[in-house]
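First up is the structure itself, then whatever we jot down about it.
The values are calculated or read from the model by the stated rules, or taken from the named source; none is laboratory data. Keep in mind that this is a model prediction, so the values were computed, not measured. Glycine also receives a Cβ, built like all others from the backbone with ideal geometry; neighbour counts cover every protein chain displayed.
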Amino acid sequence: MKKDWFEERWNSIEVPEEELDKAITNGIQAGKKETPNKKHWKLPAMVSSAAASLILVSGLVFSPITEVLAKVPLLNFVYDEISFPVGSELFNKQLVTELNETATSNGVDVTITSAYYDNTLLGITFKVTSDQLSIEAMDRKNSPQAGYSYYLFNGDEQNQWGGSMSQLKETEEGFVGAMEFQQRDQSIGEDFTLPITFTSILGKKGTWKFDIPIEQRTPEKIIIDGHDTTTKGGYSFSLNSITKGEATTILNYTTTRPKNGEDDHFSIDVEDAQGDQLSKRNIGKTLSVNKTNESIKVKEQSLFSSTLNEKDDYILIHPKVSRDEFDTIQAFQKTPFEIQSDRFGYTIVVENVQMNHRLLTIDYYLKNVDREKLKKDNFLNFANQIKLIRSEDVIAGADGQAQYEALKEDSLIYGNNGEIINQGELHLQSTFEIKSNFNLKEYSLMVPFGIFSSNAPIELDPIKIDISF
């Protein structure tokens, strides 16, 4: 059974409400569907959309932008109502390119109406017209949530880009939609075109192929000498460069962590000179990794869907580190017995293990956990994510990913209905549904101590970067 344990741990991290509200405000408008490109530097991930056949190229008419563009009612509606923040900002600055290229398949016309590019983000808008389509098709079983499906390039999963897609919206002129992608490299060629093929529209199968020209604008890149570094313990952060787009900002930087911190994740908050926080788009993309006997040095890149203006003569960066470790595995013993985190010193003391019909209940206390830094949900997550693993499937000394990839479909038993008996005393219970032939001697406990360290990040001192030159 292949399962990415990093994704499981990432999903267990509690999201601060203030940041969540801000993300919703900035990123979800009028039924948008967000497809995040979530990565861990150890495991480069690809966010795919679909898979299909080879793309054929069809030319597009490339119309230069003029003041007339802002007066086009349909584009006004698209960028006001269903586009994404970066696209809306560029449209308001008249920095999107009006297009008018149509492909027809099975009685349905799809027209690319505009495109834009800023730093690593590429966006398009499109219109669909047909007397055979209905918005109700989006509610049918197995219908794409957005109302359409597509692929980029030749459809190979490895070639797909992460991105966002809006739902189709019905207007008097037809159905309209918007899409935004993040390219993998920071630059594209002068004659770059984006091949995209739509494969279904509101339940109608077909093939609508385009090769969309992308107009480039050279962003301003500020090289930082790298002398401004903030450190704490075995962690450090040093900024290398800032790339200022028309609606986005990219920061390239170097982070250092201890040699046992390969699963640790840096995140950053950035404020401009007016004290406004830049909106996060994709934080901590790994560019390179250099391991030594003492530490791990990582070149990283973060994209923000906010821009810096001429008044900003400095930025303030707040780095923090979420530390992690793979689950600790230990066989059951005579109670009471202890299981200790391999890295952080967290401990559970198992006081009682009780089997009652088809339920196994484990009663335990936590030690060496700072409850002041954690919330009730963190403890509930911990109680719910303790697992039983068949002992014969445990690989001694294996890292997390190797262990998960070696598991069989029935290797794990997941808990449910975790319970906090007494939070002040750090007294918890985890319960498992078991089969009638369950044998406790054949299983070990799999304890996710990384939940506590991930939700109690290390905050490095903020670093002020002069960008007035």
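Here are some notes:
- ALA456, sole failed condition from (1) within 25 Å of PRO319 (Cα to Cα); (2) at pLDDT 95 or above: (2)
- Pairs linking a residue in region 419-438 that is acidic (Asp, Glu) to a residue that is surrounded by fewer than 14 Cβ atoms within 10 Å (Cβ to Cβ), with Cβ atoms under 7 Å and 6 or more positions apart or on different chains, are GLU433/ARG358; GLU433/LEU359; GLU433/ASN416.
Listed here are the residues, each with its yes/no results for (1) of a type in the set (Phe, Trp, Tyr); (2) assigned to a strand (DSSP E or B); (3) out of contact with any Gly (no Cβ under 7 Å at 6 or more places or on another chain).
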{"residue": "ILE395", "(1), (2), (3)": "no, no, yes"}
{"residue": "TYR404", "(1), (2), (3)": "yes, no, yes"}
{"residue": "ASN417", "(1), (2), (3)": "no, yes, yes"}
{"residue": "ILE421", "(1), (2), (3)": "no, yes, yes"}
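- Selection of strands (runs of 3 or more DSSP E) fully inside region 275-393 by the criterion of at least 1 residues being free of Cβ contacts under 8 Å to residues at least 40 places away in the same chain and not basic (Lys, Arg) returns 280-291, 337-340, 347-356.
- Options LEU445, LEU428; residue that is closer than 24 Å to ILE395 by Cα, in a strand (DSSP E or B) and of a type outside the set (D, E, K, R): LEU445
- Among residues of region 342-367, those that are surrounded by 13 or more Cβ atoms within 10 Å (Cβ to Cβ), of a type outside the set (A, V, I, L, M, F, W, C) and at pLDDT 95 or above, counted: 8
- Per the conditions (1) assigned to a loop (DSSP other than H, G, I, E, B); (2) crowded, with 20+ Cβ neighbours inside 10 Å, the sole criterion not satisfied by TYR150 is (1).
- THR120, sole failed condition from (1) at pLDDT below 95; (2) in contact with a Leu (Cβ under 7 Å, 6 or more places away or on another chain); (3) over 15 Å from GLU246 (Cβ atoms): (3)
- For LYS435, the conditions (1) part of a loop (DSSP other than H, G, I, E, B); (2) closer than 17 Å to PRO448 by Cα are fulfilled apart from (2).
- Near pairs, Cβ below 8 angstrom, 6+ apart or cross-chain, from region 158-177 (exposed (fewer than 15 other Cβ atoms within 10 Å of the Cβ)) to any residue that is assigned to a strand (DSSP E or B): GLU173/LYS127; GLU173/THR129
- Considering residues of region 434-469 that are more than 32 Å from the chain's Cα centre (by Cα) and of a type outside the set (S, T, N, Q) only, the residue farthest from ALA383 (Cα to Cα): PHE469
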